[in-house]
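The values are calculated or read from the model by the stated rules, or taken from the named source; none is laboratory data. Everything quoted here is computed from the prediction, not taken from an experiment. Cβ: placed from backbone, ideal geometry, glycine included. Neighbour counts: every protein chain shown. Remember, those area values only see protein heavy atoms, side chains included, never the ligands or the DNA or RNA. Shrake-Rupley method; radii C 1.70, N 1.55, O 1.52, S 1.80 Å.
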Protein chains: 2
Amino acid sequence: MSSSMSRTLKIGIIGYGPFAQFLAKIMMKQGHIISATSRSDYSHICSQLGLTFFTEIEPFMDADHDVILICTSILSLSKVLKSLPIHRLKKPILFAEVLSVKEHPKDLLLQVLPEDFDVLCTHPMFGPESGKDGWKDLPFVYDKVRIRDEEICSRFLQIFKDEGCRMVEMSCEEHDKLAARSQFLTHTVGRVLSEMEIESTSMDTKGFQKLLQLKESTMKNSFDLYSGLFVHNRFAKQELKNLELALQTVKQKLLERMDDALEDQKDS
Amino acid sequence: MSSSMSRTLKIGIIGYGPFAQFLAKIMMKQGHIISATSRSDYSHICSQLGLTFFTEIEPFMDADHDVILICTSILSLSKVLKSLPIHRLKKPILFAEVLSVKEHPKDLLLQVLPEDFDVLCTHPMFGPESGKDGWKDLPFVYDKVRIRDEEICSRFLQIFKDEGCRMVEMSCEEHDKLAARSQFLTHTVGRVLSEMEIESTSMDTKGFQKLLQLKESTMKNSFDLYSGLFVHNRFAKQELKNLELALQTVKQKLLERMDDALEDQKDS
Ligand SMILES: NC(=O)c1ccc[n+]([C@@H]2O[C@H](COP(=O)([O-])OP(=O)(O)OC[C@H]3O[C@@H](n4cnc5c(N)ncnc54)[C@H](OP(=O)(O)O)[C@@H]3O)[C@@H](O)[C@H]2O)c1
Ligand SMILES: NC(=O)c1ccc[n+]([C@@H]2O[C@H](COP(=O)([O-])OP(=O)(O)OC[C@H]3O[C@@H](n4cnc5c(N)ncnc54)[C@H](OP(=O)(O)O)[C@@H]3O)[C@@H](O)[C@H]2O)c1
């Protein structure tokens, strides 16, 4: 086997939505062999791209993958995993996943998978929008939750290294803590601005232009994704409270200034 | 007089804070003759730059300016204008101002200035931070509130045209409506993020990096400036309400999803 052949992985993707399609393109470009299955029928776009699409889960499980990569929505993960006919797999393999929360899939995978299956939890911190010009220097977070076959695991991680990602090893818990204060907060601000229906004006400042871009890019993600960041990250609720509190503090300071100004008016 | 000589203006700046200093540098570079007065003593930095600083207001008023340019904080404008010995001016001249709200200075200037003084209300939609690499294509909003000496007014506007600003003529009311939904909102988001003490992590998304930049640039402005955007723009209060409401709507949608997820758990 040539060295490039030996690096080739047979990857089976479960959940072929926007993010999985985005990942699959790069993986195919690198020479990996990709197949996919999903709730909806993607056989048409898959045949165009040259990857196998399974409408039924059983033949997908029979297809002898090195890695099964879970790319379903956060909210559907539990249902999807519990309906998987794991007993159809001929041997224990690596399960990897890319959900934007990490403790939840970790817990579920350890729950549903037999003890001799490997588990790699990952979060590529970019998407079809922010990663459209390549993945160079973009953070890829991962936690080797239960890895015995180091060879397969490192070949999988190599996919992201080869694209130039900044590899960040971190526990699922630490990820969720940080993500609640950064990614969830960012999406929340984007959703709030969208709810306000902010629009470009003839006199946008550079700062306002940043907010408009943030609104646009946030709204390209599904509401399933956004609400998953909240429902299945136990640190998110507190950050939402912190955001509300911070807004109230800022408002309070403004109202105090308003009172001062009214006082000054009376005095003059 | 050479054409470049004839374009030279004698500009007297009242309020020599960060924004006035930023403007003065460009005006001097263009060959205009600048002097300044302020509450605090800036004679040292002014003498270094080669402009005259008046610690007393009377000699400043005697100095035969073509334009008096008001650059004080929004909150102090009323006090500053009311204490100006306007009677010391030998002839009616142009009063221009650059405050980040527009109806308030317009009303005050029309109130304190004799009828034969010209009034130009402007808002350069950039500052020392966003305009540090030049003013090209940055919006300059203005309202020719009361102009008889078109020549002086257009020479003043030419300062901003020459730097490549996008000139946007608009009523003060229209400005305040739009600015409440754009600039005030942007500063509010920046202040809220600062109140939350968000910090860079090892796994920042591009969106979160935008928020960090917004926080940094917002906090470079004084709280006087920010609170002025609220206290003296009659449209800002409603936009603050809209922001609170939008956050509540987004939160409500998240809590509904949380309930759905709990229901699903019970069912399975
Ligand atoms: N987009 C990004 O920027 C990004 C970045 C990093 C990580 N991620 C993670 O990647 C995953 C996929 O994200 P996404 O952007 O493609 O959108 P998403 O809305 O989070 O997930 C869409 C996927 O979930 C499947 N799905 C949804 N509900 C289902 C259900 N009830 N039963 C079975 N399958 C269901 C969809 O299947 P069908 O299409 O077949 O209906 C589709 O494959 C998510 O976990 C997300 O957190 C996304
Ligand atoms: N910074 C920007 O990006 C920007 C952009 C466009 C327009 N503007 C407008 O430009 C003006 C100046 O802004 P800025 O950024 O320099 O900061 P600012 O905090 O809004 O204003 C500072 C100026 O106000 C004066 N001032 C404050 N309180 C005073 C008082 N009680 N009595 C007399 N003078 C007082 C200060 O005088 P001393 O320094 O002498 O104490 C200083 O000259 C504001 O109206 C602002 O809205 C600013």
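Here are a few things to note about the model shown:
- Annotation note: Cβ proximity below 9 Å between a residue of the range A:71-96 that is more than 17 Å from A:Phe60 (Cβ to Cβ) and not assigned by the TED database to the domain that holds A:Pro18 and a residue that is surrounded by fewer than 21 Cβ atoms within 10 Å (Cβ to Cβ) and of a type in the set (D, E, K, R) (sequence gap 6+ or interchain) occurs for no pair.
- Hey, B:Asp62 exposed (fewer than 15 other Cβ atoms within 10 Å of the Cβ) and charged (D, E, K, R) or not: yes
- Enumeration of residues in the range B:29-81 that are among the small types (Gly, Ala, Ser), at negative phi and assigned to a loop (DSSP other than H, G, I, E, B): B:Ser38, B:Ser40, B:Ala63, B:Ser73, B:Ser76
- Residue check, B:Asp176 out of contact with any strand residue (DSSP E or B) (no Cβ under 7 Å at 6 or more places or on another chain), closer than 20 Å to B:Lys132 by Cα and either open to solvent by less than 40 Å² (accessible area, probe 1.4 Å) or at pLDDT 95 or above (or both): no
- Considering residues of the range B:205-233 that are within 16 Å of ligand 2 (Cβ to nearest atom) and over 14 Å from B:Gly190 (Cβ atoms) only, the residue nearest to the chain's Cα centre (by Cα): B:Gly228
- Residue list for the range B:122-173, restricted to those being touching an Asp or Glu at 6+ places or on another chain (Cβ under 8 Å), surrounded by fewer than 20 Cβ atoms within 10 Å (Cβ to Cβ) and of a type in the set (Ser, Thr, Tyr): B:Ser171
- Filtering the range B:251-268 to residues that are buried (at least 17 other Cβ atoms within 10 Å of the Cβ) and at pLDDT 95 or above leaves B:Lys251, B:Leu254, B:Arg257.
- Scanning the range B:229-250 for residues that are surrounded by fewer than 18 Cβ atoms within 10 Å (Cβ to Cβ) and within 7 Å of chain A (Cβ to nearest Cβ) gives B:Glu244, B:Thr249.
- The residue of the range A:6-44 that is most open to solvent (accessible area, probe 1.4 Å), among those that are more than 16 Å from A:Lys132 (Cα to Cα) and among the charged types (D, E, K, R), is A:Arg39.
- Only residues that are surrounded by 14 or more Cβ atoms within 10 Å (Cβ to Cβ) and within 14 Å of ligand 1 (Cβ to nearest atom) were counted in the range A:46-59, giving 4.
- Taking the range A:82-179 and the helices (runs of 4 or more DSSP H) fully enclosed by it, the elements with 1 or more residues that are of a type in the set (D, E, K, R) and touching a Phe, Trp or Tyr at 6+ places or on another chain (Cβ under 6 Å) are at A:172-179.
- The selection criterion, being away from ligand 2 (no atom under 16 Å from the Cβ) and either in contact with a His (Cβ under 7 Å, 6 or more places away or on another chain) or open to solvent by 60 Å² or more (accessible area, probe 1.4 Å) (or both), does not hold for A:Val112.
- Only one entry of B:Asp118, B:Asp137, B:Asp143, B:Asp64 meets the criterion of being more than 23 Å from the chain's Cα centre (by Cα) and not assigned by the TED database to the domain that holds B:Leu214, and that entry is B:Asp64.
- Test: residue in the range A:191-203 that is open to solvent by less than 10 Å² (accessible area, probe 1.4 Å) and within 20 Å of the chain's Cα centre (by Cα): no
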